[in-house]
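The values are calculated or read from the model by the stated rules, or taken from the named source; none is laboratory data. Please read all numbers here as calculations on a predicted model, not as lab measurements. Reconstructed Cβ throughout: ideal geometry from the backbone, glycine too, with neighbour counts over all protein chains shown.
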Amino acid sequence: MLDILETEKSFILKHIKEGDTVADFTMGNGYDTLFFSKTVGESGHVYAFDIQPAALESTKKRLVENGAPENYTLICDSHHNSDKYIEGKIKAGMFNLGYLPGGDKSITTKRETTLVAIEKAIGLLDDDAILLIAVYPGHEEGEIEGELINDMLSLLDRKKYCCAKFRIINSPTSSYFYIVESK
Ligand SMILES: C[S@@+](CC[C@H](N)C(=O)[O-])C[C@H]1O[C@@H](n2cnc3c(N)ncnc32)[C@H](O)[C@@H]1O
């Protein structure tokens, strides 16, 4: 059976290698931050964002316990301020939208900031880079976020970006994702 998380990673891994700079725009419990940290290694760098201090604590713990190299900057701020923190371009960025599983469901990504954050993340992409955006349509805000992201990405210049959507069509509430690849 298709494993959506593994599929997401396989797209990202085509674009990143040791030494690259990447960003996890929704740190949460740090699973994606850890994946990025280990993939880009000591000579790379990972910027990770979350608005919940508890997410930074949980991520830091995960990184230390799993022996991640000290190649990360954990930032307690909204991802729509990413341009204040990230220096230079990124080879990959990841948005895992929604709320923290097992956490406060009212602290979820919201369309106003999500769309600005995605626009800024696209502006930060290096050549031959990727942005991956995972959407959770099982809750109302997630469903609307997904539709708005679809509208926004559909308008991107195809000479500069390739935008695609990957969705299991017989499971409408399952998460799905978009990729934006820069040329
Ligand atoms: C689905 S979880 C992310 C899971 C995470 N990638 C992991 O590996 O555990 C979504 C996260 O987005 C965070 N979030 C919500 N609004 C945000 C914002 N404006 N900027 C950055 N993070 C935000 C939430 O606090 C939550 O931790």
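What residue, among those in the stretch 42-67 that are over 20 Å from Gly123 (Cβ atoms), within 13 Å of the ligand (Cβ to nearest atom) and small (Gly, Ala, Ser), is surrounded by the fewest Cβ atoms within 10 Å (Cβ to Cβ)?
So, considering only residues that are over 20 Å from Gly123 (Cβ atoms), within 13 Å of the ligand (Cβ to nearest atom) and small (Gly, Ala, Ser), the one surrounded by the fewest Cβ atoms within 10 Å (Cβ to Cβ) is Ala54.
Can you tell me which residue is surrounded by the fewest Cβ atoms within 10 Å (Cβ to Cβ) among those in the stretch 70-83 that are part of a loop (DSSP other than H, G, I, E, B) and under 15 Å from the mean Cα position of the chain (by Cα)?
Asp77
Would you point out which residue out of Leu115, Leu153 is touching a Cys at 6+ places or on another chain (Cβ under 9 Å) and either part of a helix (DSSP H, G or I) or of a type in the set (S, T, N, Q) (or both)?
When all the criteria are applied, what remains is Leu153.
From the list Thr26, Thr39, Thr33, Thr7, pick out the single residue that is at pLDDT 95 or above, part of a helix (DSSP H, G or I), surrounded by 21 or more Cβ atoms within 10 Å (Cβ to Cβ) and not basic (Lys, Arg).
Step by step, each of Thr26, Thr39, Thr33, Thr7 is checked, and only Thr33 is at pLDDT 95 or above, part of a helix (DSSP H, G or I), surrounded by 21 or more Cβ atoms within 10 Å (Cβ to Cβ) and not basic (Lys, Arg).
Output the residues belonging to the stretch 70-92 that are touching a residue at least 40 places away in the same chain (Cβ under 8 Å) and of a type in the set (Phe, Trp, Tyr).
Listed by number, the list is empty, since nothing qualifies.
Go over the candidates Glu147, Glu141 one by one and state the one that is in a helix (DSSP H, G or I) and over 21 Å from Asp24 (Cα atoms).
Glu147
Outside any loop (DSSP other than H, G, I, E, B) and under 25 Å from Leu155 (Cβ atoms) - does that describe any residue in the stretch 95-106?
Checking the stretch 95-106: at least one residue is outside any loop (DSSP other than H, G, I, E, B) and under 25 Å from Leu155 (Cβ atoms).
Specify which of the listed residues (Ile179, Ile149, Ile130, Ile144) is more than 13 Å from the ligand (Cβ to nearest atom), in contact (Cβ under 8 Å) with a residue 12 or more places away in the chain, over 26 Å from Asp3 (Cβ atoms) and of a type in the set (A, V, I, L, M, F, W, C).
Going through Ile179, Ile149, Ile130, Ile144 in turn, just one is more than 13 Å from the ligand (Cβ to nearest atom), in contact (Cβ under 8 Å) with a residue 12 or more places away in the chain, over 26 Å from Asp3 (Cβ atoms) and of a type in the set (A, V, I, L, M, F, W, C): Ile144.
Being touching a residue at least 12 places away in the same chain (Cβ under 8 Å), near the ligand (Cβ under 8 Å from one of its atoms) and under 26 Å from Glu181 (Cβ atoms) narrows it down to one residue among Phe95, Phe25; which is it?
None of the others qualify; the one that does is Phe25.
So which of Ala164, Ala134, Ala121, Ala129 ends up being closer than 21 Å to Asp24 by Cβ and part of a helix (DSSP H, G or I)?
After applying the criteria, what remains is Ala121.
Which ones in the stretch 42-69 are in contact (Cβ under 8 Å) with a residue 24 or more places away in the chain and in a loop (DSSP other than H, G, I, E, B)?
Scanning the stretch 42-69 gives Glu42, Ser43, Gly44, Ile51, Gln52, Asn66, Ala68, Pro69.
Against the condition within 13 Å of the ligand (Cβ to nearest atom), of a type in the set (Lys, Arg) and out of contact with any strand residue (DSSP E or B) (no Cβ under 7 Å at 6 or more places or on another chain), how does Lys110 come out, does it pass?
The answer is yes for Lys110.
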